[in-house]
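Before any comments, here is the structure.
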Amino acid sequence: MMVPLIQSILQDSAAVRAQLGDPVRAFPGTAPADTPMPYVTWATVHGAPSAQLSDPPPADGWRVRLTVWGATLSEANAAAVVIRDEIERRGSIESYNPPPDDDETGAYGISFDARLLQLR
């Protein structure tokens, strides 16, 4: 699969579903207009196969930027903590990013990058 497994990681987590609904409100790129908060948007920052000399790559490595949006900072933070904890069961958090601007909705955002390894 050439799409990072972030969507399935989030959907498969009961704790994430408790925060973001079922199906989870997780969207590549941007969320649809009037999406209830909290929700998360994500984008691939980098991806590369785990190259080997003698065999095809056994896995793909992904760096995914997630931005968790909430009506309040505490709502965004609560959802971000649950998402972070779930990701750390399967990968790692690579960076915490500056807060994104969202002047149009007044939402609060928390952004971080995750590194995931997806076995083929």
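The values are calculated or read from the model by the stated rules, or taken from the named source; none is laboratory data. The structure presented is a predicted model; accordingly, all values stated were derived computationally and were not measured. Positions of Cβ are backbone-derived with ideal geometry, glycine not excepted, and every protein chain shown enters the neighbour counts. To get the accessible areas, we keep the full protein, side chains included, count just its heavy atoms, and leave off ligands, DNA and RNA. Shrake-Rupley method; radii C 1.70, N 1.55, O 1.52, S 1.80 Å.
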Check: Residues in region 60-75: is at least one touching a Ser or Thr at 6+ places or on another chain (Cβ under 9 Å), open to solvent by 30 Å² or more (accessible area, probe 1.4 Å), under 16 Å from LEU116 (Cα atoms) and modelled with pLDDT of 95 or more?
Finding: yes
Item checked: Counted residues, region 66-113 - those being charged (D, E, K, R) and closer than 20 Å to ILE6 by Cβ -> 8
Check: Scanning region 1-57 for residues that are surrounded by 17 or more Cβ atoms within 10 Å (Cβ to Cβ) and at pLDDT below 90, which turns out farthest from ILE83 (Cα to Cα)?
Finding: PRO4
Notebook entry, point to check: Quick one: what pairs do we get from region 35-55, first residue over 16 Å from LEU10 (Cβ atoms), second in a strand (DSSP E or B) and open to solvent by 80 Å² or more (accessible area, probe 1.4 Å), C-beta under 7 Å, 6+ apart or different chains?
Noted result: VAL45/ARG65
